[in-house]
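Heads up: the structure comes next, in structure tokens.
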Amino acid sequence: MASDYLQRYPNGSYRISAEELVLTAKIKQQTTDYRSALSRIKQEATTFANEAEKLNQSLAELNDLSGKFPLVSDAELRAEFEKLRNQMSEQYMKLVSQKSLQEFLVSYNNAMNGGNLTVAAQVLGQRKDDTDAELVALIKDFPQRSLSILKNQVNQELAKDQFNNANNILSAYQNIPVSLRQGTDAELEKLKLEVDKRQDQHLYENAKPNPTLSNLDSYLKEAPLKAMQREVNAYREYLSKIDPNAVIPNLQLQITRIEWQGAKEGDNVLAVRMYGQAEVTKDVSSENNVNTTLPMQTFSAASNKKLEISITVTYKGWFSTPNNGSATFETTPVELASGKKVDLRNTEGTLTASVYFGLTGYPQAPVLPDWKYQ
């Protein structure tokens with residue numbers, strides 16, 4: 001053989017011819033092996049057409065053929081190689097794309113079904129293939145589908161009076177890109193208003209049964225709409241007027257009713273004295289239950305100031321003026337404003353009358369009406 005000849009006669013006259021024979025033999029052998037490998041890889045391309053990892057391994061082996069068989073120059077084999085490589089590359093990219101789409105759909109649907117709208121929007125935003133019909137459909141469907149989920153989430157929180165949670169859900173949704181929630185602004189505004197109304201009403205109805213200054217101030221500070229601000233401020237003004245440290249002007253003691261019970265019937269003199277004022281008298285008849293007023297002097301006092309009042313009814317007889325009942329008591333403007341009943345007894349201890357006192361000029365509590373969005 002030529003190779004044996006070269007070993008025995010390396011500098012012989014047939015050296016060049018022998019080298020050509022050796023090269024020709026190597027080319028032939030590599031071409032045969034190349035064709036065999038190409039045929040095997042073509043079969044693998046069919047077998048692993050739907051298995052991305054194995055198809056990629058075969059594709060890598062195909063790309064290594066040129067380095068493994070460098071002497072192959074057959075144009076037909078090269079063309080077959082290029083055709084096979086293109087087919088396998090296209091199929092591999094298709095499988096990769098399908099896998100990516102499946103993973104995307106799983107991530108997206110998991111987020112939507114779990115109510116994680118922000119995550120779902122992020123998954124959509126990371127998908128860049130504008131030609132993907134399924135992606136385009138999902139983007140088109142996202143505003144209404146997400147809005148439905150959002151409403152359900154917000155209503156669940158409203159049912160539990162969890163207004164901060166409801167507002168946090170709305171805020172998170174508003175951070176989603178506008179391009180993914182087109183056409184939802186009007187519905188979002190309505191939903192936000194509903195949350196604010198429910199919270200405003202809740203805070204007002206918490207304060208209404210016990211309208212202390214603290215509770216009313218909490219409403220004015222925390223209520224998002226302050227729909228009842230006017231009414232609450234009116235009540236706060238009333239509370240400031242009756243504050244124990246505030247002096248209320250232009251108060252006047254009055255008797256609203258006398259119910260005679262065991263008194264001697266006839267004409268009487270009613271005498272009323274309040275500490276710090278002159279005594280006031282008035283003729284009254286004990287024959288009937290009466291309403292009467294007293295020309296008492298107006299005065300100023302704090303709502304809880306102690307007032308000492310005495311009242312005496314003296315019968316106007318021909319020969320004597322017996323006591324027809326009397327009482328001395330302590331009270332306060334706030335008690336008098338609510339109405340105070342005082343029983344009168346004569347010197348024998350017999351109940352003669354019940355006198356009902358009132359007070360004019362005392363601030364009246366304004367009505368806190370039912371909550372209303374104005």
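Open to solvent by 30 Å² or more (accessible area, probe 1.4 Å), more than 35 Å from the chain's Cα centre (by Cα) and closer than 19 Å to Glu51 by Cα, is that true of Gln102? Before you say what the answer is, go through the steps one by one.
Numbers: open to solvent by 30 Å² or more (accessible area, probe 1.4 Å): yes; more than 35 Å from the chain's Cα centre (by Cα): no; closer than 19 Å to Glu51 by Cα: yes.
Answer is no for this residue.
Scan (1) within 18 Å of Gly358 (Cβ to Cβ); (2) without any contact (Cβ under 8 Å) to a residue 12 or more places away in the chain for the single condition Pro209 breaks and write down its number.
(1)
Report yes if some residue within the range 250-270 is free of Cβ contacts under 8 Å to residues at least 60 places away in the same chain, within 25 Å of Glu308 (Cβ to Cβ) and open to solvent by less than 20 Å² (accessible area, probe 1.4 Å); otherwise report no. Show your work before the answer.
The first filter runs over the range 250-270 and keeps only residues free of Cβ contacts under 8 Å to residues at least 60 places away in the same chain, leaving 265-270.
Checking the rest, the ones that are also within 25 Å of Glu308 (Cβ to Cβ) come to 268-270.
From the residues that got through so far, the ones that are open to solvent by less than 20 Å² (accessible area, probe 1.4 Å) too are 268, 270.
For the range 250-270, residues free of Cβ contacts under 8 Å to residues at least 60 places away in the same chain, within 25 Å of Glu308 (Cβ to Cβ) and open to solvent by less than 20 Å² (accessible area, probe 1.4 Å): present.
Quick check on the range 144-161: of everything there that is of a type in the set (S, T, N, Q) and under 18 Å from Val119 (Cβ atoms), which residue is surrounded by the most Cβ atoms within 10 Å (Cβ to Cβ)? Reasoning before the result, please.
Filtering the range 144-161 for residues of a type in the set (S, T, N, Q) gives 144, 146, 148, 152-153, 155-156.
The next check asks that each one be under 18 Å from Val119 (Cβ atoms); those that pass are 146, 148, 152-153.
On the way: Ser146: 21, Ser148: 11, Asn152: 10, Gln153: 18.
Per the stated criteria, the residue is Ser146.
From the list Leu239, Leu213, which residue is surrounded by 14 or more Cβ atoms within 10 Å (Cβ to Cβ) and among the aliphatic types (A, V, I, L, M)? Explain how you work it out, then say what you get.
Values: Leu213 fails: surrounded by 14 or more Cβ atoms within 10 Å (Cβ to Cβ).
Going through Leu239, Leu213 in turn, the sole match is Leu239.
Can we say Asp196 is of a type in the set (D, E, K, R) and at positive phi?
Working: of a type in the set (D, E, K, R): yes; at positive phi: no.
Considered against the rule, which asks whether it is of a type in the set (D, E, K, R) and at positive phi, Asp196 comes out as no.
Of all residues in the range 162-181, count the ones that are closer than 12 Å to Asp196 by Cα, open to solvent by less than 70 Å² (accessible area, probe 1.4 Å) and out of contact with any Asp or Glu (no Cβ under 8 Å at 6 or more places or on another chain). I'd like the intermediate steps shown before the answer.
Step one: filter the range 162-181 for residues closer than 12 Å to Asp196 by Cα, giving 162-164, 166-167, 170.
With open to solvent by less than 70 Å² (accessible area, probe 1.4 Å) added as a condition, the list becomes 163, 166-167, 170.
Restricting the remaining residues to those that are out of contact with any Asp or Glu (no Cβ under 8 Å at 6 or more places or on another chain) gives 167, 170.
Counting residues in the range 162-181 that are closer than 12 Å to Asp196 by Cα, open to solvent by less than 70 Å² (accessible area, probe 1.4 Å) and out of contact with any Asp or Glu (no Cβ under 8 Å at 6 or more places or on another chain) gives 2.
Quick check on my filter: what residues within the range 84-99 are open to solvent by less than 60 Å² (accessible area, probe 1.4 Å) and over 45 Å from the mean Cα position of the chain (by Cα)?
Passing the criteria: Leu84, Met88, Ser89, Gln91, Tyr92.
Which one of these is at pLDDT below 90 and of a type in the set (A, V, I, L, M, F, W, C): Phe329, Phe357, Phe319?
Going through Phe329, Phe357, Phe319 in turn, just one is at pLDDT below 90 and of a type in the set (A, V, I, L, M, F, W, C): Phe319.
With the structure loaded, tell me whether Lys94 is at pLDDT 85 or above and assigned to a helix (DSSP H, G or I) or whether it fails that test. Explain how you work it out, then say what you get.
Numbers: at pLDDT 85 or above: no; assigned to a helix (DSSP H, G or I): yes.
Taking the combined requirement at face value, the residue does not satisfy it.
Quick one: is Val269 more than 22 Å from Gly339 (Cβ to Cβ), among the aliphatic types (A, V, I, L, M) and in a strand (DSSP E or B)?
Numbers: more than 22 Å from Gly339 (Cβ to Cβ): yes; among the aliphatic types (A, V, I, L, M): yes; in a strand (DSSP E or B): yes.
Yes: the conditions hold for Val269.
Considering only the range 180-249, give the helices (runs of 4 or more DSSP H) lying wholly within it that have at least 1 residues that are touching a strand residue (DSSP E or B) at 6+ places or on another chain (Cβ under 7 Å) and of a type outside the set (A, V, I, L, M).
Details: elements: 185-207, 213-222, 229-241.
Helices (runs of 4 or more DSSP H) meeting the threshold: 229-241.
So the check is Cβ under 6 Å with 6+ separation or different chains; which pairs have a first residue in the range 72-100 that's over 17 Å from Glu61 (Cα atoms) and a second one that's open to solvent by less than 60 Å² (accessible area, probe 1.4 Å) and of a type in the set (S, T, N, Q)?
The qualifying pairs are Asp74/Thr31.
The values are calculated or read from the model by the stated rules, or taken from the named source; none is laboratory data. This is a predicted model, so every value here is computed, not measured. Every residue, glycine among them, receives a Cβ derived from its backbone with ideal geometry; neighbour counts consider all protein chains shown. Keep in mind that these areas ignore ligands, DNA and RNA; they rest on the heavy atoms of the full protein, side chains included. Shrake-Rupley method; radii C 1.70, N 1.55, O 1.52, S 1.80 Å.
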